[in-house]
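Below is one structure, written out as structure tokens; the observations come after it.
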Amino acid sequence: MSDLWLEKNRHQQAKDSSESANLIFDKQYEALFAEYQKAVTQKDLRLLKEITQQLQLLFMLRQQNS
């Protein structure tokens, strides 16, 4: 019985950890997207390229975590 409980507990902790990471990714995405919108307004191509790369990386990390 305790092995089953331990396995359920581990599974729940992994799920909680994944959900926490996703919340962090979402906050980072929101902040980066706000910066992206500023860069578009300012027509800063260098910054747009940098932010786009960061958004792509963040998207990949988010998908790997799902």
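A few points about this structure:
- Charge dipole magnitude, Cβ of K and R +1, D and E -1 - the chain, Cα centre, debye nearest 20: 240
- Summary value for the chain: 37 percent relative contact order, contacts being C-alpha pairs under 8 angstrom separated by 6+ residues.
- Computed log₁₀ I(q)/I(0) - Debye formula, equal Cα scatterers, no solvent, the range 19-66, q 0.14, 0.15, 0.22, 0.23 Å⁻¹: -0.35, -0.39, -0.71, -0.76
- The label-point distance for GLN63 and HIS11, in a model that sets each label 7 Å from Cα toward Cβ, rounds to 2.7 nm.
- Two-site label geometry, LYS38 and SER20: point separation in nm, points 7 Å out along Cα→Cβ: 2.9
Bear in mind these aren't lab numbers, they're just calculated from the coordinates by the rules spelled out. Since this is a predicted model, take the numbers as computed values, not measurements. No Cβ is skipped: glycine too gets one built from the backbone with ideal geometry, and neighbour counts run over all protein chains shown.
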